[in-house]
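Colleague: Got a structure here, written out as structure tokens. Questions coming.
Values in this text are rule-based calculations from the coordinates and carry no lab data. Keep in mind that what you see is a predicted model, and the values were worked out from it rather than measured. Note: ideal-geometry Cβ built from the backbone for every residue, glycine included; neighbour counts use all protein chains shown.
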Ligand code: PMV
């Protein structure tokens, strides 16, 4: 049988603090029960070819040994392969990569980081390299930097460790247990509105620069809000948690990360019974999250779909991080 390795990694939601985290505020993120699974198979020839139904990639490739991507979609992998070669002496070898994803692509749920981390784990294993979790985080970041410009590092960290994270730039991420208040669930909806994380992040940072001390206050509010949210999570205080989601959304709106399309989804969720709702990830488009009593979760899901969401469902929080699922070496 041919040699292969299969690895998977989870997507994530940012519960509090996206954007603000880029300039040092705290953020709370959680893995979700939607994963990306990557199978890496040894091949002959001079390329790493990639197949992903969900991403519309059918045989695009990275040429070896010079590392050139046949399409822009694969460019992030160049950073990752460069990292493996320079830091770990792993020379890129020809392979066939197939990807299965529960996650919508480019919807703010961390699909690119989950793919990068699962790829890094399977490809390095098959190449005879055992990476530590910290090294996997670095490998994921090498890819995310090309995909997103100046990422905070949340997505690749959560894809490696799973669970929940309190994240602050420059500090060791603190792993936290995320449990929603009893009787409540988190609904995630993909707006279907495309956007580029890199562009939204740049626009928000431009506004932050223009606003000067006003934005410092907003960023500080976001930082303190994350502390309160952590306490609300620990205490199981659903009312406060929902309210803080709404306030966090207000701060994101103030920084220009929302859009009419997202706002109408958030109002639809609240009208259907959600006690708090916000965008998650970069904003403009991508996904929204809503905290809902379990008894009204179906109503919230239906309301989001009626309001134009492409997908909406209840997700579990906190699952496992990156793992090797199978390999024949
Ligand atoms: O939309 P996503 O999943 O790429 O998340 C972006 C999160 C930001 O905080 C806006 C940027 C970052 O690097 O953390």
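Colleague: How far is helix 197-211 tilted, in degrees, relative to the longest principal axis of the Cα atoms in the chain, given as a value from 0 to 90 rounded to the nearest 10?
Modeller: Helix 197-211 sits roughly 50 degrees off the main axis of the chain.
Colleague: Per 0.36 nm of contour for each residue apart, how much would the distance between residue 305 and residue 174 grow if the chain were fully extended, relative to their Cα-Cα spacing? Please list the in-between numbers first.
Modeller: Values: separation 131, 0.36 × 131 = 47.16 nm, distance 3.49 nm.
Full extension from residue 305 to residue 174 adds 43.7 nm.
Colleague: For the peptides 139-147, 291-299, what is the packing order when you average, over each peptide's residues, the other Cβ atoms within 10 Å and list the highest mean first?
Modeller: Numbers: 139-147: 24.1, 291-299: 18.3.
Result, highest mean first: 139-147, 291-299.
Colleague: Then there's this: Can you pull the one-decimal nm distance between simple spin-label points at residue 132 and residue 85, each 7 Å off the Cα toward Cβ?
Modeller: 2.5 nm
Colleague: Okay, moving on. Over the range 1-143, with a single point scatterer placed on each C-alpha, what log10 of the ratio I(q)/I(0) does the Debye formula yield at q = 0.13 1/Å?
Modeller: Calculated log10 I(q)/I(0) at the listed q: -0.55.
Colleague: Output needed: percent of Cα pairs per 10 Å distance bin for the chain, bins running from 0 to the one holding the longest distance.
Modeller: Spelled out bin by bin, the chain gives 6, 28, 34, 21, 10, 1, 0 percent.
Colleague: Extension gain residue 58-residue 206, at 0.36 nm per residue separation less the Cα-Cα distance, in nm?
Modeller: On the way: separation 148, 0.36 × 148 = 53.28 nm, distance 3.68 nm.
This chain segment gains 49.6 nm when fully extended.
Colleague: For the range 216-280 and the range 283-323, write down the distance between their C-alpha centroids in whole Å.
Modeller: Result: 15 Å between the Cα centres.
Colleague: Now for a different question. If each of residue 51 and residue 326 carries a label point 7 Å out from its Cα toward its Cβ, how far apart are those two points in nm?
Modeller: Reported label-point gap for residue 51 and residue 326 is 1.4 nm.
Colleague: Relative contact order, percent, of the chain when contacts are C-alpha pairs under 8 Å separated by at least 6 residues? Display every interim value, and only then the final one.
Modeller: Values: 790 pairs, mean separation 86.7, N = 329.
It comes to 26 percent, rounded to a whole number.
Colleague: Do you know the relative contact order of the range 93-236, to the nearest whole percent, from alpha carbon pairs under 8 angstrom that are 6+ apart?
Modeller: Details: 107 pairs, mean separation 29.4, N = 144.
Relative contact order, the range 93-236: 20 percent.
Colleague: Place the peptides 13-23, 158-168 in order of packing, highest mean first, counting for every residue the other Cβ atoms within 10 Å and averaging per peptide.
Modeller: Values: 13-23: 26.0, 158-168: 23.9.
For the peptides 13-23, 158-168, the packing ranking is 13-23, 158-168.
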